[in-house]
Amino acid sequence: MTAVALVLGIAVAPTANAAHPVDLGGFSARDCVEVSAIVSVPPANATAALPGGYTSSSFIGLPGGPGLPGNSSLLMGVETCQSGTIGGVPFDGPFAFGERVLSVDRHDATPGYHFYAVEQITDNKKIYDLMSAAGFDIAYLPGVGATADSSGGVSEGGSVRIVDQAPLPQLPSPLDKVSIWNKTDSGTNVLRLAVHHPTAQAGVGRVSANGGSAIAALIGTEESTGIGAINRFDFEATVQSVPE
């Protein structure tokens, strides 16, 4: 889900499935603040990180619109949300959920933004259990989170730290539907996000990735600068198993 909703590039290559997806579970979040960044990735690195049937794309334009040829984008962010539910049952206190995802060409007929999961993080054990059972590479990290004010913010957790300078005014965002794909030996799953009331402040995002981490290897460097954003929204999330 993550990152600047003002810019995106996804080529249209829909491939509808004959069978319907099966819901594996879901969660919701309210009053979220996300600190995120979009950085360029060498196309060869993106291709090596993706399974067959997925093609990396740039995050420029609108959903389904043309991207930048020969460019691949990695979106990284963490959102801290003030409340939520899982399986319809409320849980206490703020929680955090974060994504590091590659922008990909639309993988099915579902509208909106499409990404492939590289890694995810959360400080909520129930969300971790749900995502982990579906085969997503997710880490349970108490203390992960994002903080922001009117001019910028910081998110950190795991191998990545993002510092955003986002002085532009908070504006309505076109962020709406998001699909984050994940393929394992046992099949393909997808995290579907429906985003509500989104706003965004755009600016500069500076990413620091731990040396030797998978993210540093994917970017090709430990320090990278890209488009940063402070996003605010609510969302509903559904994890699905998708027939091949």
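Tabulated data
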read-out	value
Net charge, Phe233 excluded, C-beta distance under 14 Å - Lys, Arg +1, Asp, Glu -1	-4
Total charge dipole magnitude, the chain, about the Cα centre, Cβ charges on Lys, Arg, Asp, Glu only, Debye to nearest 20	260
Mean Cα-pair separation over length for the chain, i.e. relative contact order, pairs under 8 Å, 6 or more apart, %	26
Of every Cα-Cα pair in the range 68-204, the percent that sits beyond 25 Å	29
Virtual paramagnetic centre 7 Å along Cα→Cβ of His197, amide N under 19 Å, in the range 223-244	230-237
Neighbourhood net charge (13 Å Cβ-Cβ; Lys/Arg +1, Asp/Glu -1) for Gly25	-1
Whole-Hz ³J(HN,Hα) from phi, Karplus 6.51 cos²θ - 1.76 cosθ + 1.60, for the range 114-131, glycine and proline x	10, 9, 10, 6, 9, 7, 9, 9, 7, 9, 10, 5, 5, 5, 4, 4, 5, 5
Solvent-accessible area of Thr55 with every protein chain in place, 1.4 Å probe, in Å² to the nearest 10	80
Accessible-area value, Phe136, 1.4 Å probe, nucleic acids and ligands omitted, Å²	10
Convex hull of Cα atoms in the range 93-164, direction-averaged projection (nm²)	6.3
Among (1) -0.34, -0.59, -0.67; (2) -0.19, -0.40, -0.49; (3) -0.23, -0.47, -0.57, the entry that matches log10 I(q)/I(0) by the Debye sum over Cα atoms at q = 0.07, 0.10, 0.11 Å⁻¹ as calculated here	(2)
Paramagnetic reach from Leu168 in the range 88-105 [backbone N under 20 Å; point 7 Å along Cα→Cβ]	103
Paramagnetic reach from Asp137 (point 7 Å along Cα→Cβ, amide N under 19 Å) across the range 32-47	37-47
13 Å beta-carbon shell around Gly158, net charge (K/R +1, D/E -1)	-3
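The values are calculated or read from the model by the stated rules, or taken from the named source; none is laboratory data. Nothing here was measured: the structure is a model prediction, and the numbers come from that model. Backbone-built Cβ (ideal geometry, glycine too); neighbour counts: all protein chains shown. Accessible surface is based on the protein model in full, side chains and every heavy atom, while ligands, DNA and RNA are left aside. Shrake-Rupley method; radii C 1.70, N 1.55, O 1.52, S 1.80 Å.
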